[in-house]
Structures are given as C-alpha cells and as structure tokens.
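Here's the structure we're looking at; comments come further down.
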Amino acid sequence: MTTLDEATGAAMAGAVRPRRFGALYVAEHQLRAMRSYGWTIVIGGLGQPLLYLLGLGLGLATFLDVPVGFGPDGPVPYVTFVAPALLATAAISVTTEEFTYTVMAGFKWRRIFWGMNASPIAPAQVVGGLVLAVGARMVFVSTAYALLIWAFGAVGNAWAVAVLPLLGLLGGLAFGLPLLAYSASLRDDAGQFAAVQRFVFTPMFLFSGTFYPLSTLPVWLHWIGWVSPLWHASELGRAVSYGAPMSGTTVAVHLAVLLGLTVGGWFVARRVFVGRMHG
Amino acid sequence: MKAGAPCPYRAVTFRLVPVPVITATGLTKRYGELVAVAGIDLEVAPGESFGLLGPNGAGKSTTMRMIGAVSTRTSGDLQVLGLDPDTHGPEIRSQLGVVPQEDNLDTELRVRDNLIVYGRYFGIPRAECGRRADELLAFAQLEEKSKAKVDDLSGGMKRRLTIARALVNNPRVLMLDEPTTGLDPQARHVLWDRLFRLKERGTTLVLTTHYMDEAEQLCDRLVVVDEGRIMAEGSPASLIREHSSREVVELRFGSRRNEAAAERLEGLGDRVETLPDRVLVYAGDGEAVLEQVARLGLHPTTSLVRRSSLEDVFLRLTGRSLIE
C-alpha cells in the first residue's frame with residue numbers, strides 16, 4: 001500500500017513532461033489523424049494551384065492588355081502578380097476546414113478534446129497543438145504552391161520561394177485564429193461554417209485585391225482589403241516575390257495587422273477553450 | 001450477487017491506511033442560479049471502490065468533474081492525492097484514469113493507435129506506449145481488434161477500449177462515469193469482470209451509476225446523492241439494513257386498482273409504498289405478508305417476494321424511484 005506522500009510525489013513528477021510538451025502531443029495526435037485524409041491534403045495542395053495557374057496563366061492572362069502588377073523594372077506578367085495572393089488564399093482556406101469542422105468535431109462529434117481534457121494536457125495546450133498541426137498543413141500547402149509558381153516562372157526572385165510559405169502561414173494564422181476562437185464558442189453547427197465560407201471567405205477572396213489591385217475597386221469597398229488578412233499577406237507576398245514597391249511603413253503596417261490578428265485570436269481562442277473545458 | 005462474479009474482498013477494508021486519496025469538505029458547484037452540487041463531504045481511501053449513486057441530474061457527474069480537476073469548485077475544500085485541483089490540475093490528472101459517460105475515442109484512428117496517442121498525453125515515450133497498448137488490448141480482450149477501426153467495434157468493445165485507454169498511465173484512481181449505461185446485460189458482465197480485476201489489483205475506483213445492481217456489485221462503499229446532496233452513506237449491505245427491510249413484496253393489481261388496494265394493505269409489514277405500476281410492501285418475512293394479503297381477500301394479478309435492494313433505499317430516502 002502506498003502512502004499519500006508517495007502519491008503526491010508521483011503526481012508532481014507525472015505532470016512535468018505534459019506541462020512542457022503537451023502542445024506537441026496534441027499536434028502529434030492531430031497530424032496522425034490528418035493521415036486518414038492525407039491524400040485529400042496532398043491532391044488538394046498540389047491540384048488546386050495547378051488548376052488556378054493553368055486557368056489564369058494560360059487563359060485569362062492572354063486577354064489582359066493592361067498590366068496590373070509592377071515591379072521595380074516595370075510591369076510583371078499577370079500570373080506573377082496573382083501568384084502570391086493565390087498562395088496566401090490556399091493557406092487561409094486550410095483554416096476554413098481545420099479551424100471550423102475539426103473544432104466542432106473535437107468538442108461535439110468526435111469529442112476527442114474531452115479525452116485530452118481528462119489527461120494532464122491543459123486547454124491552452126490543446127489550442128497550441130491545433131495551431132501547430134494546422135500550421136504544419138499550411139506550410140505544406142504554401143510550400144507546394146511556392147514551388148509550383150516557381151516552376152511556372154511566376155516568381156520574381158528565387159529566394160522568395162523560401163519566404164512566401166512563411167507569409168502564407170502568417171496570413172493563415174491571422175485569419176484562422178479568430179476563426180478558431182469563434183468556432184470553439186459554438187455549441188452547434190447550424191450552418192455557421194457554411195456561412196463563414198460564403199459570406200466571409202469568398203467575398204474576402206474576391207475583394208482583397210487578389211485578382212486586381214485594391215485601388216481598382218471603388219473607395220467604399222477598400223475597407224474589405226484593410227481588414228482582410230488576405231490582402232495584407234498578398235501585398236507582402238508581392239513585395240517579396242517581384243519587388244512590388246512598398247515603403248518601410250507600409251510593410252510594418254501589413255505585418256502589424258497580421259500579427260495583431262494572430263495574437264489577438266490566440267488569446268481569445270485560449271480563453272474560450274479554457275472556459276469551455278474547465279468551466 | 002450472481003454466481004461466477006464473486007467479490008471475495010468485500011469484507012477486507014483498507015482503512016488501515018488512514019490517509020484518503022480524495023477528501024472533499026463542503027464541496028459546492030453553482031452555475032449561476034443553479035446549484036449542481038450543494039456542499040458534499042466525502043473521503044475515498046486508497047484501494048477502495050467508491051460509488052456515487054443517484055438519478056440523472058443529481059450532481060454526480062459534476063462532482064466527478066471537480067475531482068477529475070476539469071471543473072473548478074465554487075466553494076468548499078477538495079484534495080486529490082494531497083493536491084488542490086485548482087492549482088495542480090495536470091499533476092492530479094497525471095494519476096487519474098477517466099472513463100467518461102460518453103465515449104470519446106478517436107474514430108479516425110485505429111484501435112491500437114487510440115491507446116498510443118493517449119499514452120503520449122502523459123509524456124510516456126512512444127515505444128513504451130506501444131508496449132502498454134498491447135498489454136491493455138489483452139486485458140480488454142481486444143487483441144484481435146488491434147487494427148480495427150473504432151467505429152466497427154460494438155458498444156461493449158468501445159467501452160472496454162475506453163477503459164483500456166484510461167489505464168494507459170497506470171492510474172492510482174480510476175474514475176468511471178456511468179460505465180455500463182447503454183450496454184446489453186452480457187457486455188455489462190464482461191465489463192464488471194474487468195473492473196473486478198482492477199479492484200483486486202488495488203486500483204482505487206470511483207464510479208457513478210444509477211444502476212442498483214452495478215453499485216451492489218462494484219462498490220465497497222457508496223453515497224446516495226440527490227439534488228446535489230448526500231442522502232446516505234455506507235456499504236450496500238449496511239444501507240439496505242439501515243434504510244429498508246430484509247424483503248420486499250411486489251404486488252400488481254393493475255394500474256387503476258393499485259391505490260385502492262394499497263389502502264387496504266396499510267398496516268402490513270413495516271411500510272407500504274405505492275408506485276404507479278405496483279404496490280411495495282416492506283417486511284422482514286415476505287411470504288408471511290403474501291399469506292396475509294390472501295387472507296384480506298385481495299388478488300393481485302402478479303406477486304413477487306424479493307430481497308431489498310439499493311433501489312428501495314433510494315425510494316425510501318427520496319420518495320422517488322431512481323430511473324424515471
């Protein structure tokens with residue numbers, strides 16, 4: 001028969017590793033689960049950019065007489081202009097799946113978050129692990145995109161191939177973490193996720209200066225760009241990819257918005273998870 | 001108690017070790033206006049098998065969540081393994097195994113992977129997780145299902161896998177919330193058998209149930225909970241002794257005639273209880289009561305003499321039946 005002191009000691013020792021590495025364990029679990037739909041991720045990750053690049057590059061671009069994107073040495077091909085925005089879109093679209101349905105599944109359908117909750121893992125570590133795993137998927141998708149647009153000759157600077165995936169990740173997190181917080185606050189999916197897709201993601205995709213500069217739009221629509229993580233990530237991507245002219249202040253503002261949304265979303269998401277799991 | 005499922009250790013108490021693994025004093029949980037747990041006191045000794053018995057909504061699950069360090073208490077004192085769940089949640093949880101009311105296995109992973117992934121949450125190295133997974137699959141009699149998808153398991157198998165998963169960290173305390181709800185009788189007996197083995201090994205069990213037979217089979221000691229309060233405490237046998245008679249006569253006269261018959265039965269045995277579908281007469285000798293009923297000229301459509309159970313204790317204490 002063991003004594004209480006011994007049990008207390010074992011408890012103190014038992015939580016050391018989970019307290020330190022808990023988020024990694026959650027990420028490990030999520031990545032293992034992603035394997036069951038791994039092919040969707042790979043085919044989607046490679047197929048979608050191929051379709052866009054072929055469709056826009058071989059199709060639409062041939063009709064465009066007016067140049068829309070400019071580097072330091074003048075106009076750049078349309079595909080070069082549009083590619084960084086498509087890459088950011090791909091990263092962001094990962095979150096419309098992984099930070100919506102997957103979250104509802106974790107709390108309600110598969111209920112796996114409750115299993116984690118009964119282990120030494122803390123709610124904040126569940127958030128951390130989700131972000132790590134989904135971040136890994138975003139880096140995979142953006143890297144595939146970067147390599148493909150490089151193969152298509154749609155990148156101005158070769159070194160941009162290494163930087164663009166990181167911008168994709170940042171854009172994805174800036175959009176995804178507030179979405180994660182929102183999803184975690186829902187008890188039921190009564191069509192909210194489909195609404196996010198239709199009324200948030202799609203308009204953002206269309207009106208964030210993705211296919212043409214934001215300045216083309218009437219002034220009263222510009223706000224969509226300003227609040228859109230996609231626009232900020234796309235603009236930074238263009239500066240990196242083909243040196244689209246941009247002042248230091250503008251770079252700082254873009255980064256500040258993206259980081260602000262990421263950090264703000266993180267804290268709110270953490271609060272929501274803690275409230276729900278340890279209420 | 002059924003033959004084939006004896007519990008030879010019931011008479012043995014582990015109170016020799018005076019320090020309890022769980023101590024609650026005035027434990028209270030409020031959700032706004034609603035009082036889920038209204039100040040309960042309890043102690044669980046190491047190696048003991050302790051039950052919370054009560055109807056749905058009695059506050060059993062909330063109590064379990066507080067002990068399991070996943071719900072903060074509103075007031076009162078709580079110590080689990082000598083630690084406060086408010087400050088040492090991960091430490092406490094590292095020593096618990098939890099079998100929730102609703103399975104939360106990962107249906108996207110295979111059976112064995114569920115155990116491995118879960119073991120990782122306790123910081124157990126991967127290779128060790130694999131070794132334990134194989135051991136636990138054998139214990140849960142699921143070796144042949146190792147590679148199966150979780151969704152292809154029967155309800156009983158899923159429960160056994162959930163229990164196996166809860167054991168992956170060699171817990172000091174195993175917490176089971178309604179472990180056999182929704183299972184067929186055979187699956188329940190298989191599960192009880194597995195839990196007996198754990199009990200024999202000295203694992204502390206804390207379980208909630210609204211099944212009398214389950215409480216009688218598994219618990220050394222239990223508390224009867226209703227509306228967030230403890231109504232009574234003791235071993236199943238002592239609770240029956242204290243709060244009920246030795247035998248119960250169940251008489252059915254047909255739903256419309258029960259009340260009228262009950263009036264005429266008044267005075268028989270120790271006590272008469274009228275339920276919508278039957279009349280219960282509590283007495284030391286049931287057969288003698290049956291004879292008296294016949295002498296009164298009453299002819300129940302069915303009659304039955306049985307031993308008193310915890311169901312009767314609950315009815316006596318709360319005036320309500322457990323399963324409503």
* Which one is most open to solvent (accessible area, probe 1.4 Å) among residues in region A:79-127 that are aromatic (Phe, Trp, Tyr) and under 23 Å from A:Ser228 (Cα atoms)? -> A:Tyr101
* Structure fact -> Scanning region B:117-158 residue by residue, the ones that are among the charged types (D, E, K, R) and either open to solvent by less than 10 Å² (accessible area, probe 1.4 Å) or in a loop (DSSP other than H, G, I, E, B) (or both) total 1
* Could you figure out which of (1) in a helix (DSSP H, G or I); (2) modelled with pLDDT of 90 or more isn't true of B:Arg316? => (2)
* Could you grab me the full set of residues in region A:197-218 that are polar (S, T, N, Q) and either outside any helix (DSSP H, G or I) or touching a helix residue (DSSP H, G or I) at 6+ places or on another chain (Cβ under 6 Å) (or both)? => A:Gln197, A:Ser208, A:Thr210
* To do: Check whether at least one residue in region B:65-74 is over 23 Å from A:Gly115 (Cβ atoms) and touching a strand residue (DSSP E or B) at 6+ places or on another chain (Cβ under 9 Å), and report yes or no.
  => yes
* Residues of region A:45-69 classified as in contact (Cβ under 8 Å) with a residue 40 or more places away in the chain and either under 18 Å from A:Leu130 (Cβ atoms) or not hydrophobic (A, V, I, L, M, F, W, C) (or both), total -> 5
* To do: Please tell me if A:Pro72 is away from chain B (no Cβ under 14 Å), out of contact with any strand residue (DSSP E or B) (no Cβ under 6 Å at 6 or more places or on another chain) and not aromatic (Phe, Trp, Tyr).
  => yes
* Structure fact -> Residue count, region B:58-70, condition under 15 Å from B:Asp84 (Cα atoms) and within 12 Å of chain A (Cβ to nearest Cβ), comes to 7
* Structure fact -> A:Trp266 vs (1) under 30 Å from B:Ile67 (Cα atoms); (2) at pLDDT below 90; (3) in contact with a helix residue (DSSP H, G or I) (Cβ under 7 Å, 6 or more places away or on another chain): all pass except (2)
* Tell me the strands (runs of 3 or more DSSP E) entirely within region B:1-70 that contain at least 1 residues that are open to solvent by 20 Å² or more (accessible area, probe 1.4 Å) and modelled with pLDDT of 90 or more. => B:22-31, B:34-44
* If you scan region B:175-189, which residues turn out to be more than 27 Å from B:Ala69 (Cβ to Cβ), assigned to a loop (DSSP other than H, G, I, E, B) and open to solvent by less than 70 Å² (accessible area, probe 1.4 Å)? -> B:Leu183
* **Cross-chain or 6+ apart pairs with Cβ under 8 Å, region B:92-109 first and on the phi > 0 side of the Ramachandran plot and at the interface with chain A (Cβ under 7 Å from one of its Cβ atoms), then part of a loop (DSSP other than H, G, I, E, B) and crowded, with 22+ Cβ neighbours inside 10 Å** => none
* Structure fact -> Out of (1) away from chain A (no Cβ under 14 Å); (2) in contact (Cβ under 8 Å) with a residue 40 or more places away in the chain, the one B:Ser154 does not meet is (2)
* Structure fact -> Within region B:71-89, residues at the interface with chain A (Cβ under 9 Å from one of its Cβ atoms), out of contact with any Asp or Glu (no Cβ under 8 Å at 6 or more places or on another chain) and open to solvent by 20 Å² or more (accessible area, probe 1.4 Å) come out as B:His88
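A quick yes/no check of all residues on (1) within 14 Å of chain B (Cβ to nearest Cβ); (2) part of a helix (DSSP H, G or I); (3) not hydrophobic (A, V, I, L, M, F, W, C):
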| site | (1), (2), (3) |
| --- | --- |
| A:Leu60 | no, yes, no |
| A:Asp65 | no, no, yes |
| A:Val82 | no, yes, no |
| A:Ala90 | no, yes, no |
| A:Thr96 | no, yes, yes |
| A:Ile121 | yes, no, no |
| A:Val134 | no, yes, no |
* To do: Tell me, yes or no, whether region A:34-43 has at least one residue that is buried (at least 22 other Cβ atoms within 10 Å of the Cβ), among the β-branched types (Val, Ile, Thr), out of contact with any strand residue (DSSP E or B) (no Cβ under 8 Å at 6 or more places or on another chain) and in contact (Cβ under 8 Å) with a residue 24 or more places away in the chain.
  => no
* Got a number for residues in region B:69-88 being within 15 Å of B:Ile40 (Cβ to Cβ) and of a type in the set (Gly, Ala, Ser)? -> 3
* Here is a list of conditions, (1) aliphatic (A, V, I, L, M); (2) within 14 Å of another protein chain (Cβ to nearest Cβ); (3) over 25 Å from A:Phe152 (Cβ atoms), and A:Ile41 meets all of them except one; can you say which number that is? -> (3)
* From the list A:Leu164, A:Leu236, A:Leu221, which residue is assigned to a helix (DSSP H, G or I), in contact with a helix residue (DSSP H, G or I) (Cβ under 9 Å, 6 or more places away or on another chain), more than 14 Å from A:Ser93 (Cβ to Cβ) and open to solvent by 20 Å² or more (accessible area, probe 1.4 Å)? -> A:Leu221
* So, of the residues in region A:244-279 that are open to solvent by less than 30 Å² (accessible area, probe 1.4 Å) and touching an Asp or Glu at 6+ places or on another chain (Cβ under 8 Å), which turns out to be farthest from the other protein chains (Cβ to nearest Cβ)? -> A:Ala244
* Asked: What is the residue count in region B:289-306 for residues that are more than 15 Å from B:Gly267 (Cα to Cα) and modelled with pLDDT of 90 or more?
  -> 7
* Structure fact -> Across region B:80-116, the tally of residues that are within 18 Å of B:Arg165 (Cβ to Cβ), within 24 Å of the chain's Cα centre (by Cα) and assigned to a loop (DSSP other than H, G, I, E, B) stands at 8
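The values are calculated or read from the model by the stated rules, or taken from the named source; none is laboratory data. Given the structure is predicted, the values throughout are model-derived calculations rather than measurements. Glycine gets a Cβ as well: all are built from the backbone with ideal geometry, and neighbour counts include every protein chain shown. All accessible areas refer to the heavy atoms of the entire protein, side chains included, with ligands and DNA or RNA removed. Shrake-Rupley method; radii C 1.70, N 1.55, O 1.52, S 1.80 Å.
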